[in-house]
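First up is the structure itself, then whatever we jot down about it.
The values are calculated or read from the model by the stated rules, or taken from the named source; none is laboratory data. Just so it is clear, the structure is predicted and the values come from calculations on it, not from any experiment. In this analysis, Cβ positions are derived from the backbone assuming ideal geometry, glycine residues included, and neighbour counts consider all displayed protein chains.
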């Protein structure tokens, strides 16, 4: 993970490792299209921020049911596992809040790749990280 200059809250090595471990678990579930397990790592209602095909900003809140339905549709069927090669930059706002910027290459089992850039807001609850906000361009037409 890349780190920003020392400003504001400085995370410990253990805090950095805990965010890294959270993403490793989330990516593993994503790779296998385990949508329910992905949802287990979220706080609902989940905030989504995006843009739509008209170029306007869009936002919504999804409950678990909407998240599972949309992610099942977007991630497709059982066409084999996905792989992710990601570089993440965490910006800790406190010991319990982190915004994580991600540049990722997703590769399908068939070898097709897609470049992704997104950000997630994670909060710590009961000592465990959960994502509360997803920010990514191109999802706006799916937000309702």
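Listed values, structure above:
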quantity	calculated
Within segment 99-116, tally of residues that are within 21 Å of residue 69 (Cα to Cα) and either buried (at least 17 other Cβ atoms within 10 Å of the Cβ) or in contact with a helix residue (DSSP H, G or I) (Cβ under 6 Å, 6 or more places away or on another chain) (or both)	1
Residue that is farthest from residue 51 (Cα to Cα), among those in segment 117-127 that are surrounded by fewer than 17 Cβ atoms within 10 Å (Cβ to Cβ) and either touching a residue at least 40 places away in the same chain (Cβ under 8 Å) or within 14 Å of the chain's Cα centre (by Cα) (or both)	125
Sole exception among (1) surrounded by 14 or more Cβ atoms within 10 Å (Cβ to Cβ); (2) in contact (Cβ under 8 Å) with a residue 40 or more places away in the chain; (3) more than 23 Å from residue 137 (Cα to Cα) for residue 49, by number	(3)
Candidate set from segment 67-80 (those that are assigned to a helix (DSSP H, G or I) and touching a residue at least 24 places away in the same chain (Cβ under 8 Å)); member that is surrounded by the most Cβ atoms within 10 Å (Cβ to Cβ)	67
Single match in 36, 54 (criterion: more than 14 Å from the chain's Cα centre (by Cα), assigned to a helix (DSSP H, G or I) and modelled with pLDDT of 90 or more)	36
Residue, nearest to the chain's Cα centre (by Cα), within segment 96-116, restricted to residues that are modelled with pLDDT of 90 or more and farther than 14 Å from residue 22 by Cβ	101
Residue check, residue 33 farther than 24 Å from residue 143 by Cα and either touching a residue at least 24 places away in the same chain (Cβ under 8 Å) or surrounded by 17 or more Cβ atoms within 10 Å (Cβ to Cβ) (or both)	no
Selected residue (only one of 45, 5 is at pLDDT 95 or above and over 14 Å from the mean Cα position of the chain (by Cα))	45
Failed condition for residue 126, given (1) out of contact with any strand residue (DSSP E or B) (no Cβ under 7 Å at 6 or more places or on another chain); (2) closer than 17 Å to residue 27 by Cβ	(2)
